[in-house]
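Some notes on the structure that comes next.
The values are calculated or read from the model by the stated rules, or taken from the named source; none is laboratory data. Note that this is a predicted model, so its numbers are computed, not measured. For neighbour counting, all protein chains shown are included, and Cβ atoms are generated from backbone atoms with ideal geometry for every residue, glycine included.
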């Protein structure tokens, strides 16, 4: 996969027609290799299919995901040249930084993203130290706590109100899609 080492690939297909459903699973030799592939490829054009872009996420393989123990920061004021890898590289000095994601629409940055940490202490330290950081893109970034999405008992998204004009959310999908 574009120079990445993989253990296995499973393309999910319609059981009746055999047609691909547009997503699959890739197993990497380590969580670090999976993270590096996600950071390198997420949002980039799929070779041979210029109109499609990689949309990569961690899959849980039916196990309990550790994401419920993770905490996230919202990072705003990102310039269009900042991708997942650049965002991750800016925060990787914090030992428990797990992932970074720039939110995109039609392959273009929406100017914000999320960084996930395994510990609150690293998240808190990054929140203070990275505020107005100038080494990512060409303008200072804005960092705040991410507000997780809330769901109702039936699985539907709960509507919340906020006194601020902008709310953010942390998204943790569970499949690799394109």
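Results, tabulated for the structure shown:
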{"read-out": "Matching strands (runs of 3 or more DSSP E) fully within segment 1-86 where at least 3 residues are within 30 Å of residue 130 (Cα to Cα) and at pLDDT 85 or above", "value": "71-76"}
{"read-out": "Yes/no for residue 12 being touching a residue at least 40 places away in the same chain (Cβ under 8 Å) and over 30 Å from residue 140 (Cα atoms)", "value": "no"}
{"read-out": "Filtered residue count, segment 98-126, keeping only those that are touching a residue at least 12 places away in the same chain (Cβ under 8 Å), part of a strand (DSSP E or B), more than 14 Å from residue 141 (Cβ to Cβ) and out of contact with any strand residue (DSSP E or B) (no Cβ under 6 Å at 6 or more places or on another chain)", "value": "2"}
{"read-out": "Close pairs from segment 52-77: first buried (at least 18 other Cβ atoms within 10 Å of the Cβ), partner at pLDDT 95 or above and part of a loop (DSSP other than H, G, I, E, B), Cβ under 7 Å, at least 6 apart", "value": "75/141"}
{"read-out": "Any hit, segment 99-118, residues being surrounded by 17 or more Cβ atoms within 10 Å (Cβ to Cβ), over 14 Å from the mean Cα position of the chain (by Cα) and more than 17 Å from residue 39 (Cβ to Cβ)", "value": "no"}
{"read-out": "Index of the failed condition, residue 159 passing every other in (1) at pLDDT 90 or above; (2) over 13 Å from residue 75 (Cβ atoms)", "value": "(1)"}
{"read-out": "Failed condition for residue 95, given (1) touching a helix residue (DSSP H, G or I) at 6+ places or on another chain (Cβ under 7 Å); (2) part of a strand (DSSP E or B); (3) exposed (fewer than 13 other Cβ atoms within 10 Å of the Cβ)", "value": "(2)"}
{"read-out": "Odd one out for residue 134, checked against (1) without any contact (Cβ under 8 Å) to a residue 12 or more places away in the chain; (2) loosely packed, with under 12 Cβ neighbours inside 10 Å; (3) touching a strand residue (DSSP E or B) at 6+ places or on another chain (Cβ under 9 Å)", "value": "(3)"}
{"read-out": "Residue check, residue 129 modelled with pLDDT of 95 or more, loosely packed, with under 15 Cβ neighbours inside 10 Å and farther than 24 Å from residue 37 by Cβ", "value": "yes"}
